[in-house]
């Protein structure tokens, strides 16, 4: 049983969150609080497993509460899930919250009537978070550092971040490839997401910057608000390397970054030396890109539908006959490693 404390200054939000989570019998709401001062007292007395935390509150904000938890270091520290509004100010505050030790964040819909639509994802995120190890990963840099000759491309949307936690933790640190993750996310929030993944993944993770080189043993997370284009460049010894270009061209499939843009551009640079992976997500993004990768000789993997919250993106690849293998989430990392190491062997034959 997960013991949950709900912290929000809105009576409506406290009520709605309680309604959404108590539909799952494995979650028990042990208390609610309308501000950080009340929340701090209840964290110490109730010892919840997880706290859903609003940012803007009277008396003590969510940020100030996190600062107090760092100072006091309670005997039982709950996991903290920030609930953030879709504003640039909240994006900055969310990044600050993650930096202060919050374990994850979730975005609240702009329109109150749509708040209940996040119920399934909220329950899934709560149950996932309480199973995550708290200790941050220590990254050991790959012995094969430098511009990547091979690349793993991962595309995901709704329901994707918890799956990425699992996958990025299981991909080995010494994988002889670079990794690019394109996760649909509102502008401003991928910096916080990259910092979060950096605590969990086997390789170091950073948000993309214009001009970044795709490097072996490093993970790039596509920056929200721009498309991540992989451009071919000539490195030392006339080797071809991948470089990140941010594009402000219009959204594709109503999203930016679009997975298709990253997949298709990377196919022209890396050709057969690509493994693409499609995780949970609604809509048609990723299907055309997976098809381009397959046409270039690369390999496309899908996560099994039973492990996905939504299966639209994966289905778009199936409809384009662009899938080589469908695997459960817990077998994807092993298959990625097998394929990449086979590519490495083939280049040395």
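The values are calculated or read from the model by the stated rules, or taken from the named source; none is laboratory data. Everything quoted here is computed from the prediction, not taken from an experiment. When we count neighbours, we look across all protein chains shown, and the Cβ atoms used for this are built from the backbone with ideal geometry, even at glycine.
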* To do: Go through 188, 146, 178 for me and flag whichever is surrounded by 22 or more Cβ atoms within 10 Å (Cβ to Cβ) and either touching a residue at least 40 places away in the same chain (Cβ under 8 Å) or assigned by TED's automatic domain parsing to the domain that holds residue 287 (or both).
  => 178
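Collect the residues in region 122-149 that are farther than 17 Å from residue 200 by Cα and modelled with pLDDT of 90 or more, keeping them in residue-number order.
Hits for region 122-149 are 122, 123, 124, 146, 147, 148, 149.
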* For residues that are touching a helix residue (DSSP H, G or I) at 6+ places or on another chain (Cβ under 6 Å), assigned to a helix (DSSP H, G or I) and free of Cβ contacts under 8 Å to residues at least 40 places away in the same chain, tally how many sit in region 320-349. => 0
* To do: Return a yes/no flag: does region 243-258 have any residue that is touching a helix residue (DSSP H, G or I) at 6+ places or on another chain (Cβ under 6 Å), under 30 Å from residue 117 (Cα atoms) and buried (at least 24 other Cβ atoms within 10 Å of the Cβ).
  => no
* To do: Mind telling me which of the residues 269, 310 ends up being surrounded by fewer than 24 Cβ atoms within 10 Å (Cβ to Cβ), out of contact with any helix residue (DSSP H, G or I) (no Cβ under 7 Å at 6 or more places or on another chain) and farther than 30 Å from residue 346 by Cβ?
  => 310
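Considering region 181-222 alone, what residues qualify as being part of a strand (DSSP E or B), touching a helix residue (DSSP H, G or I) at 6+ places or on another chain (Cβ under 6 Å) and farther than 22 Å from residue 138 by Cβ?
First pass over region 181-222, keeping only residues part of a strand (DSSP E or B): 181-183, 205-207, 213, 215, 219-221.
Pick out the ones that are also touching a helix residue (DSSP H, G or I) at 6+ places or on another chain (Cβ under 6 Å) and you get 182-183, 205-207, 221.
Listed by number, the residues that qualify are 182, 183.
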* Output the residue which, of all residues in region 1-15 that are surrounded by 15 or more Cβ atoms within 10 Å (Cβ to Cβ) and assigned to a helix (DSSP H, G or I), is modelled with the lowest pLDDT. => 13
